[in-house]
1. If I take R0 = 22 Å and measure r between the Cβ atoms of ALA56 and LYS109 in this structure, what FRET efficiency does the formula 1/(1 + (r/R0)^6) give, to the nearest 0.05?
2. Can you classify the range 13-187 as rounded, prolate or oblate using the Cα gyration tensor, where a ≥ b ≥ c are the square roots of its eigenvalues, rounded means a/c under 1.5, and otherwise it's prolate if a/b beats b/c and oblate if not?
3. Rounded, prolate or oblate for the range 75-139? Axes are the square roots of the Cα gyration tensor eigenvalues, ordered a ≥ b ≥ c, and the cut-off for rounded is a/c under 1.5.
4. Could you tell me the relative contact order of the range 8-166? Use alpha-carbon pairs under 8 Å, at least six residues apart, and round to a whole percent.
5. Given the options CYS124, PHE60, VAL14, identify the residue whose Cα lies farthest towards the positive end of the charge dipole of the range 13-187 (+1 on Cβ of Lys, Arg; -1 on Cβ of Asp, Glu).
6. By the scheme Lys and Arg +1, Asp and Glu -1, what is the net charge of all other residues having a beta-carbon under 13 Å from that of LYS109?
7. In which sequence would TYR82, TYR69, TYR15, TYR152 go, from the one with the fewest C-beta neighbours within 10 Å to the one with the most?
8. Note down the nm distance, to one decimal, between modelled labels 7 Å out along Cα→Cβ at ASP98 and at ASP40.
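Throughout, read-outs are computed from the coordinates displayed, never taken from laboratory work. All of these numbers come straight from a predicted model, not from anything done at the bench. Backbone-built Cβ (ideal geometry, glycine too); neighbour counts: all protein chains shown.
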Amino acid sequence: MKSAEVPSPAPAKVYLVDRPGSAQSNILAGGLSLRRSDPDYIALSVMNRVLGGGSAARLFSNLREDKGYTYGAYSRVTSDVYPGTFMANTEVRNAVTDGSLHELMYELKRLRDEKVPVAELEECKRSIVSRFALSLQNPLEIINSWLTVKYYGLPLITGITTLNRWPRLTWIPSSAWPESMLILTTCSRRSG
């Protein structure tokens, strides 16, 4: 294996850590993502936005708005010269840990198996473009964007142009499939 290659994902593993007296469970699920220079990076960023990149995303909607399990549920992606990580996390009451894990896996499978509706995708793209437009008001953000392009050897025209030529919409890295994620849950085995 070359140093920049990502190993094939292993089967899912679940780690439960007893935190006596804790009123909440902290759920963290994730795996490796991509290098920043990977052509699928923009697709991964939009996938993250759809899944858990804010309060309009699916995890927040499901776990907070619909089920009332938590105050927040999010996902994030890191990428660098070497593959970064994909993580989804939430903190929930101990009594709803199992239901929360079930819903987290449901949303990941849904993102993998179903096409994202056009309206939802367009809203995510608008959000990303708006954030980029706001970043142009700050000289430090402009310099940071330019340095990112230079550091990772990216094409000068990247980001928004790529959003308009949208790649695979339901693509997520295989390490983010529920069948190959690492899941860490800290909770009290005895609640109450």
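1. Once the sixth-power term is evaluated, E becomes 0.60.
2. It is prolate, given that a/c is not under 1.5 and a/b is the larger ratio.
3. It comes out prolate by the Cα gyration axes.
4. For the range 8-166, the relative contact order is 24 percent.
5. My answer, from the dipole projection, is CYS124.
6. Spelling it out: positives minus negatives among the neighbours equals -2.
7. Placing the least packed residue first, the sequence is TYR15, TYR82, TYR152, TYR69.
8. Distance between the two pseudo-spin positions: 3.4 nm.
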